[in-house]
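Enquirer: What follows is a single structure, and I will ask about it in a moment.
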Ligand code: SF4
Ligand code: SF4
Ligand code: SF4
Ligand code: SF4
């Protein structure tokens, strides 16, 4: 591999050839704000928040689409750069509804975070605010076009990762919107509700409908786990508040799937708290199920299984284990069959 | 997965999911990956965007079929003649990998002789696939530097499912497409931990790690570990269990987390079998159709309420981490099993699932080096024989698990039940994107999105029967009948009806055939004869 040495903020750094200035900074823990950049997607270079100053270049180039070259001298946080970024943010905020107090994204919003960092006041430009209707036509995704900053990440993720190309830019100028092509509601598009667009949206324009009002990012504990809905084995974070699972968010560390999930994994987890859950042991008496204590239920199970074994032998008992339960549980079930009851009558459903 | 175990020595997916986007050729047969394994489906589409070639063999016009370079729309149940025909073409053109065959396989000559019985013209008549398309498929697959095969239920849910799988293994060996990165035979397993349940020996013929219960050495190993003599007799498979229950030879059953009344073929037979038992205990999180028949129901916990591991289709063992306490008075399933075992005289004194994994690792060679600490947030792909072993990305590098790859002679068998005059339509069943068997019906959001069965029927048949899109109809087979809404679409061939397994309001399995594959005992969900008629 060919290596390149350049100077960033007075530090000499060495990176592989083909690295962008943005990547070179991030490899070396130098923070650069971005809104439209995503390491998994093709670079757009459109938000220009990642501008830096490079000796010998007249304008401030966006670092995400500028290749690092030998001997380059880069300045990432001088006054000129910071002023340029601040102006971009002021422009974005000028026509942005400042609903942070009630916005589901608050605490996890890139725009709010950068506005704070760059001391954006919102009073520099007097912009016209948009008054577009929300799209809540489907059970999964809530789209607020007024909060959209037109970064285009959702468009790219849908096309490049999901292979769907549901989303696009519509209209022009001040009226530009990003959403399902031809500006139809999500429910009328070809969307498969994988939610990858929600996962990459840097602001509150796309959020999980089910999580609305259920908890703020800083109140939520995230627990990485493995999806129970198919053999792909995606990982994600369960979002837990007050002992309840309020939803699912992507975990970029997930080894199989990264941030991407399907509709089941991302939006099907409310089944955990379904009112249909069985929450206590039940014993059938005269054809009706009657609640029982654990001791009562377990004693009955043990005495019936014990009696079947005593009267008819161990092979008169069979166990169906479960392809949905854990390895540990399946191991224990077959051990129960073989080493306790004394039979190999153990199997599990759907031998696929 | 007996098919792959016979030919290669291991029944698991040979390669890894994250190799898919970098594949050169994908041959997808009987696998609606974009719906049944959505993330795998998206990775296939990413490979296409990078210039990979895709060949799809499927009777239904699925999304991948529409995106494919070549779509072989075969008649349902004709996978074996199709693949044998393709191999006939490969041999006729000298596209086979002679070095690979000589060094790494055995029984090639017998296999080759059998393939001569499948000339493309004859195969075309059986499968409905034009000869030119078969030649093109053979060329794309056999002349690629690296090619991968993917299949799922479509291939295994036939009475001759094992043969289907071995036919695909033959194809891979014939062209040397196995044992390398981006090159292999990949069963996409349906349920989240079906791989793990098999690995753990929740099967009537093997202990954990596929150690045979009929092998004296294996039995002695487990007898020593567990300190008691073990039964030498093979156990019942699921269909055997239900037959034995009807015959009153089986008296009691303990069913955990499964709903055979809804998901197994010939639901009326299953219901009758369970009702014939003296005692049935069901452990589940929802009141399933099976649980309703129980004498005792033990409330288990969902995956969010317990710690443990799942093993995915690419053999990756991953952590399931407890996020909340079990709901109400329910309990983690591992605790319930221990409580039952201890009341029956066992000594299940595990203080945590981690302690169980220690025993798993000690007794299961593929899991030998696995500990929770090592699994971390990335998991490990088995085999992981030792504490230092990094896990295995793809199998059979340089050598098959069984030594040499075994070519099998596979003949064509007709499906057990074909449409006839009385039941003229061919019913086939599968999964749709929004649901995962039956559990997801309990997600309010998902159920609102896909609330009911929509049986798919071709416009030709709909017209002949005078049925409109969205109309409710009666569907009957030799075994039972149900009512369902229909969707008129050319996704299915004329003469076909396609339904899912997700809806208890339209329980597809009252219709399906309980004939099963003689080796894996997988039911023939995919094919049976039905008739459709207008209501009242
Ligand atoms: S999207 Fe961000 S900046 Fe806009 S209202 Fe929500 S939190 Fe505030
Ligand atoms: S949910 Fe998925 S398919 Fe739908 S628009 Fe977003 S990225 Fe595209
Ligand atoms: S919806 Fe979100 S991701 Fe899409 S363009 Fe707007 S701000 Fe960017
Ligand atoms: S998120 Fe979807 S693709 Fe991933 S494991 Fe869950 S069900 Fe399968």
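Enquirer: Pick from A:154, A:158: which is touching a residue at least 12 places away in the same chain (Cβ under 8 Å), under 16 Å from residue A:192 (Cβ atoms), within 16 Å of ligand 1 (Cβ to nearest atom) and not in a loop (DSSP other than H, G, I, E, B)?
Expert: After applying the criteria, what remains is A:154.
Residues are listed down the side, and each one gets a yes or a no for (1) in the same structural domain as residue A:322 (by TED's automatic domain parsing); (2) within 13 Å of ligand 3 (Cβ to nearest atom); (3) farther than 26 Å from residue A:34 by Cβ:
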| site | (1), (2), (3) |
| --- | --- |
| A:165 | no, no, no |
| A:178 | no, yes, no |
| A:184 | no, no, yes |
| A:197 | no, yes, no |
| A:226 | no, no, yes |
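Enquirer: Being within 19 Å of residue A:202 (Cα to Cα) and more than 16 Å from ligand 2 (Cβ to nearest atom) narrows it down to one of A:43, A:61, so name that one.
Expert: Among A:43, A:61, only A:43 is within 19 Å of residue A:202 (Cα to Cα) and more than 16 Å from ligand 2 (Cβ to nearest atom).
Enquirer: Report, by residue number, each residue of region B:292-318 that is farther than 15 Å from residue A:273 by Cα, surrounded by fewer than 24 Cβ atoms within 10 Å (Cβ to Cβ) and more than 7 Å from chain A (Cβ to nearest Cβ).
Expert: Within region B:292-318, B:292, B:293, B:307 meet the criteria.
Enquirer: So which residues in region A:228-247 are more than 7 Å from chain B (Cβ to nearest Cβ) and away from ligand 2 (no atom under 16 Å from the Cβ), if there are any at all?
Expert: If the condition is that a residue be more than 7 Å from chain B (Cβ to nearest Cβ) and away from ligand 2 (no atom under 16 Å from the Cβ), then A:237, A:239, A:241, A:242, A:246 are the ones that fit.
Enquirer: Taking residue B:419 and the conditions (1) free of Cβ contacts under 8 Å to residues at least 24 places away in the same chain; (2) more than 26 Å from residue A:232 (Cα to Cα), which numbered condition does it fall short on, given that it satisfies the others?
Expert: Residue B:419 satisfies every listed condition except (1).
Enquirer: Identify, please: which residue in region A:248-280 is out of contact with any strand residue (DSSP E or B) (no Cβ under 9 Å at 6 or more places or on another chain), more than 16 Å from ligand 3 (Cβ to nearest atom) and facing another protein chain (nearest Cβ under 7 Å) and is, among those, farthest from residue A:226 (Cα to Cα)?
Expert: Filtering first and then ranking leaves A:263.
Enquirer: Let me ask something additional. Output the number of residues of region A:300-323 satisfying the condition of being surrounded by fewer than 19 Cβ atoms within 10 Å (Cβ to Cβ), more than 7 Å from chain B (Cβ to nearest Cβ) and either in contact with a strand residue (DSSP E or B) (Cβ under 8 Å, 6 or more places away or on another chain) or in a helix (DSSP H, G or I) (or both).
Expert: 4
Enquirer: Taking residue A:143 as meeting all but one of (1) at pLDDT 90 or above; (2) near ligand 3 (Cβ under 10 Å from one of its atoms); (3) surrounded by fewer than 17 Cβ atoms within 10 Å (Cβ to Cβ), write down the number of the exception.
Expert: The one condition residue A:143 does not meet is (3).
Enquirer: Mind listing whichever residues of region B:23-46 are surrounded by 22 or more Cβ atoms within 10 Å (Cβ to Cβ) and more than 15 Å from residue B:66 (Cα to Cα)?
Expert: Matches in region B:23-46: B:23, B:25, B:36, B:37, B:38, B:39, B:40, B:43.
Enquirer: How about region A:92-101: which of its residues are more than 15 Å from residue A:176 (Cα to Cα) and assigned to a helix (DSSP H, G or I)?
Expert: A:93, A:94
Enquirer: Inside region B:241-276, can you point out the residues that are closer than 12 Å to residue A:319 by Cα and more than 8 Å from chain A (Cβ to nearest Cβ)?
Expert: B:242 - this is the single residue of region B:241-276 that is closer than 12 Å to residue A:319 by Cα and more than 8 Å from chain A (Cβ to nearest Cβ).
Enquirer: Of the residues A:104, A:126, which is within 14 Å of ligand 3 (Cβ to nearest atom) and either touching a helix residue (DSSP H, G or I) at 6+ places or on another chain (Cβ under 8 Å) or modelled with pLDDT under 95 (or both)?
Expert: When all the criteria are applied, what remains is A:104.
Enquirer: Sticking with this one: Please specify each residue of region B:72-97 satisfying the condition of being touching a helix residue (DSSP H, G or I) at 6+ places or on another chain (Cβ under 6 Å) and without any contact (Cβ under 8 Å) to a residue 24 or more places away in the chain.
Expert: If the condition is that a residue be touching a helix residue (DSSP H, G or I) at 6+ places or on another chain (Cβ under 6 Å) and without any contact (Cβ under 8 Å) to a residue 24 or more places away in the chain, then no residue fits.
Enquirer: Turning to a different aspect of this structure: Within region A:275-292, which residues are outside any strand (DSSP E or B) and within 40 Å of the chain's Cα centre (by Cα)?
Expert: Passing the criteria: A:275, A:276, A:278, A:279, A:280, A:281.
Enquirer: State whether one or more residues within region A:48-62 are under 26 Å from the mean Cα position of the chain (by Cα) and free of Cβ contacts under 8 Å to residues at least 40 places away in the same chain.
Expert: yes
Enquirer: Only one of A:182, A:193, A:174 is within 20 Å of residue A:99 (Cβ to Cβ) and either away from every other protein chain (no Cβ under 14 Å) or crowded, with 19+ Cβ neighbours inside 10 Å (or both). Can you tell me which?
Expert: Just a single option satisfies the conditions, and that option is A:174.
Enquirer: Please note which helices (runs of 4 or more DSSP H) are completely contained in region B:1-95 and include at least 2 residues that are modelled with pLDDT under 90.
Expert: Hits in region B:1-95: B:2-8, B:33-36, B:79-92.
Enquirer: Against the definition (modelled with pLDDT of 85 or more, closer than 25 Å to residue B:13 by Cβ and within 14 Å of chain A (Cβ to nearest Cβ)), how does residue B:151 come out, yes or no?
Expert: yes
Enquirer: Just checking, does region A:214-221 include any residue being touching a helix residue (DSSP H, G or I) at 6+ places or on another chain (Cβ under 7 Å), over 18 Å from residue A:135 (Cβ atoms) and more than 16 Å from ligand 3 (Cβ to nearest atom)?
Expert: The answer is no; no qualifying residue exists.
Enquirer: Which one is farthest from residue A:33 (Cα to Cα), of the residues in region A:110-120 that are within 14 Å of ligand 1 (Cβ to nearest atom) and in a loop (DSSP other than H, G, I, E, B)?
Expert: A:120
Enquirer: Shifting gears a bit: May I ask you to say which residue of A:127, A:107, A:163 is away from chain B (no Cβ under 14 Å), under 30 Å from residue A:192 (Cβ atoms) and either part of a loop (DSSP other than H, G, I, E, B) or within 16 Å of ligand 1 (Cβ to nearest atom) (or both)?
Expert: Only one candidate passes the filter, namely A:107.
The values are calculated or read from the model by the stated rules, or taken from the named source; none is laboratory data. If you're wondering where the values come from, they're calculated on a predicted model, not measured in any experiment. In this analysis, Cβ positions are derived from the backbone assuming ideal geometry, glycine residues included, and neighbour counts consider all displayed protein chains.
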